[in-house]
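S.K.: Quick one: the structure is below, questions incoming.
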Amino acid sequence: MASEPPPTGGPSSGEPSPGEVELSGGGSPLAGAAEPADATDPALGRVRPGQPTPGSSQRVGPGADEGLADPGGAGRRQRHELWMRRALQIAVTGPEPSSLPGSPRAQPPLGDAGSSSAGPGPAGGAPMADDVPVGAVIYGPDGTELASGRNERELTGDPTAHAEVLALRRAAERLGRWRLDDCTLVVTLEPCTMCAGAIVLARIATVVFGAWEPKTGAAGSLWDVLRDRRLNHRPEVYGGLLEAENSAVLRAFFR
């Protein structure tokens, strides 16, 4: 069965086995296998990159043949790679003006024939200030791109203007609701504690991230906010996707 590429340089102390493709301890990577109810318990030991992320007792993890609304569409791994390349594009160039709130060509909120309310956003297609190049994109359950964001802390002077937070705000504005159930957030760098908390509060269903962040990561590196079993929502998490490509963009920025 096809699998996500196992992340390298992740938070675990050992190398993942060949069959390991997702994050979190416990569970089986085999399609159709049931996961233990306590698979997110920190007491189980180290996080093992490559294990299915449990959401509830007896939940079966997604298989590699999981498709989009179109039965002939790409499977999960292919879909995640396509989406991550889109997030990487956002990290390098920024969102297109037409995808930002307040743009004359911006898509209106779903179910509303009017235009969306004005909101700040950088011009697309050009490097933005001295912001770290991190890109995030949010997709609906049918694969529709709902919103995107790139770091704008330096550009706007807003300490909360991380790529994930901006994408969450724009997706919520477009949908007209704060709950982003069944949506997938794809980001080029492991979320920090602020972004991980916002992701949980927005009820994002799935998180896919690229490079690990050993200094501030909150999806397995320093903390694991996204899968903390004490919280009332835990998204699916896939880490280390296209890690080499995402890391190269960040290294070039800090060089």
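The values are calculated or read from the model by the stated rules, or taken from the named source; none is laboratory data. Please read all numbers here as calculations on a predicted model, not as lab measurements. Ideal geometry is used to build each Cβ from the backbone, glycine not excepted, and the neighbour counts take in all protein chains shown. Just the protein is used for accessible areas: all its heavy atoms, side chains included, with ligands, DNA and RNA removed. Shrake-Rupley method; radii C 1.70, N 1.55, O 1.52, S 1.80 Å.
S.K.: GLU213's amide H: which non-local residues (gap 5+, or another chain) put their own amide H closer than 5 Å, with H modeled 1.01 Å from N in plane and none for Pro or chain starts?
M.R.: GLU190
S.K.: Let me ask another. Hey, can you grab everything whose amide H is under 5 Å from the amide H of TYR238? Only 5+ residues off in sequence or another chain; H modelled, so Pro and N-termini drop out.
M.R.: VAL207, VAL208, PHE209
S.K.: For the residue pair ASP158 and HIS233, what label-to-label distance in nm results when each label sits 7 Å from Cα along the Cα-to-beta-carbon direction?
M.R.: For the pair ASP158/HIS233, the computed spacing is 1.9 nm.
S.K.: Does a label point 7 Å from the Cα of VAL92, set along Cα-to-beta-carbon, have any residues of the stretch 221-255 with amide nitrogen under 17 Å, and which are they?
M.R.: It comes to 242-255, nothing else.
S.K.: Let me ask something else. Share of the stretch 121-215's accessible area from carbon and sulfur, percent, 1.4 Å?
M.R.: Looking at the stretch 121-215 in its full context, I get 53 percent from C and S.
S.K.: May I ask you to order 162-172, 142-152 by the average number of other C-beta atoms within 10 Å around their residues, highest value first?
M.R.: 162-172, 142-152
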